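The values are calculated or read from the model by the stated rules, or taken from the named source; none is laboratory data. These numbers come from a predicted model, not from an experiment. Methodologically, a virtual Cβ is constructed for each residue, glycine included, from the backbone with ideal geometry; neighbour enumeration extends over all protein chains shown.
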């Protein structure tokens with residue numbers, strides 16, 4: 001399967017007014033792609049398009065709430081009407097409620113599912129006919145490590161991301177069966193320093209935080225740009241995510257025990273925040289239309305992402321390490337360690 005170079009692509013980015021989606025739009029446009037950006041915050045979209053146009057990029061926006069299929073379909077349709085086709089669909093929109101499960105109302109839980117799961121489903125449904133018409137393309141869905149391992153205090157978001165993983169697996173196999181050259185990618189970020197924790201609804205009595213450490217949004221955008229040109233099944237963004245993935249595979253019970261001790265206190269800051277504070281659960285939060293959140297002081301670098309974006313080097317290093325281990329074992333004989 002071969003995807004177009006980014007400078008020849010038309011890209012739709014959903015959830016682009018802030019965070020990962022905003023930086024992705026800027027980076028795609030800087031590399032020559034034509035970009036359609038969508039979100040609920042018109043002020044955020046306007047400022048984003050103006051920023052792209054200032055450096056000579058091509059971008060248009062459409063206001064949409066992803067919980068409404070017709071509004072999501074309008075994103076894809078407007079992209080094709082404006083630019084003639086659709087090559088890559090990037091879906092980042094999400095919301096959440098941080099609270100103990102028993103404090104979350106049915107309406108709140110349903111809303112998180114409607115946005116963070118059904119919004120992604122609607123995105124794939126809206127984009128797929130246009131990708132098929134073009135004859136190739138990429139569906140890039142921003143999932144989460146919470147699609148691999150659920151976290152306490154985030155049951156609706158974790159449920160939504162597990163659902164995202166399920167529907168993408170099914171869709172991917174169906175497209176393979178049809179022999180359609182459409183890449184379906186799940187990008188699973190670790191904790192990322194976006195305004196997400198400024199905007200979500202919280203019932204913790206304080207401003208919430210992800211479980212540190214954090215990574216900057218740029219590492220997820222690097223993965224998005226890579227998978228827009230290189231068909232990729234899954235991409236974990238952030239080394240801590242890879243550690244969590246291994247631990248969850250080896251012993252979910254061990255991860256349970258760790259999270260039972262640190263998972264709940266680690267999601268509390270010392271900054272008071274009322275349950276009635278504005279949030280983005282049912283409407284936009286335009287005051288946070290920016291890329292980064294408030295946790296620069298907790299950010300660390302990632303190292304293994306680069307290897308995943310350079311497979312020959314990655315597998316060469318694995319092979320070299322395997323040969324080294326084999327050589328060491330081959331030189332060992334009973335009694336040699338005396």
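Working only within region 166-194, note down all residues that are part of a loop (DSSP other than H, G, I, E, B) and more than 23 Å from residue 242 (Cα to Cα). 178, 179, 180, 181, listed by residue number.
Somewhere in region 93-100, is a residue out of contact with any strand residue (DSSP E or B) (no Cβ under 9 Å at 6 or more places or on another chain) and under 26 Å from residue 274 (Cα atoms)?
Yes, the conditions are met somewhere in region 93-100.
Among residues of region 127-138 that are touching a residue at least 40 places away in the same chain (Cβ under 8 Å), those with a beta-carbon under 6 Å from a residue that is in a helix (DSSP H, G or I) at least six positions away or on a different chain give the pairs 127/76; 130/76; 130/80; 137/131; 138/228. Answer yes or no: is there a residue in region 42-53 that is at pLDDT 95 or above and closer than 19 Å to residue 85 by Cα. No: zero hits.
Within region 178-189, the set of residues being touching a residue at least 60 places away in the same chain (Cβ under 8 Å) and within 30 Å of residue 273 (Cα to Cα) comprises just one member, 189. The set of residues from region 1-22 being in a loop (DSSP other than H, G, I, E, B) and modelled with pLDDT of 95 or more comprises 3, 4, 5, 9, 15, 16, 17, 18. Applying the set (1) in a strand (DSSP E or B); (2) more than 18 Å from the chain's Cα centre (by Cα); (3) closer than 29 Å to residue 304 by Cα to residue 207 leaves exactly one unmet item: (3). Would region 228-238 turn up any residue that is outside any helix (DSSP H, G or I) and over 23 Å from residue 28 (Cα atoms)? Looking through region 228-238, none of the residues is outside any helix (DSSP H, G or I) and over 23 Å from residue 28 (Cα atoms).
Specify which of the listed residues (253, 287) is modelled with pLDDT of 95 or more and surrounded by fewer than 16 Cβ atoms within 10 Å (Cβ to Cβ). Spell out how you get there, then give the answer.
Details: 287 fails: modelled with pLDDT of 95 or more.
Going through 253, 287 in turn, just one is modelled with pLDDT of 95 or more and surrounded by fewer than 16 Cβ atoms within 10 Å (Cβ to Cβ): 253.
The test for being touching a residue at least 24 places away in the same chain (Cβ under 8 Å) and buried (at least 21 other Cβ atoms within 10 Å of the Cβ) holds for residue 168. Being out of contact with any strand residue (DSSP E or B) (no Cβ under 9 Å at 6 or more places or on another chain), part of a loop (DSSP other than H, G, I, E, B) and on the phi < 0 side of the Ramachandran plot is the requirement here; does residue 290 meet it? So residue 290 fits the description; yes. If I filter region 14-35 for residues that are closer than 19 Å to residue 135 by Cα and either in contact with a strand residue (DSSP E or B) (Cβ under 7 Å, 6 or more places away or on another chain) or in contact (Cβ under 8 Å) with a residue 60 or more places away in the chain (or both), do I get at least one hit? There is at least one residue in region 14-35 that is closer than 19 Å to residue 135 by Cα and either in contact with a strand residue (DSSP E or B) (Cβ under 7 Å, 6 or more places away or on another chain) or in contact (Cβ under 8 Å) with a residue 60 or more places away in the chain (or both).
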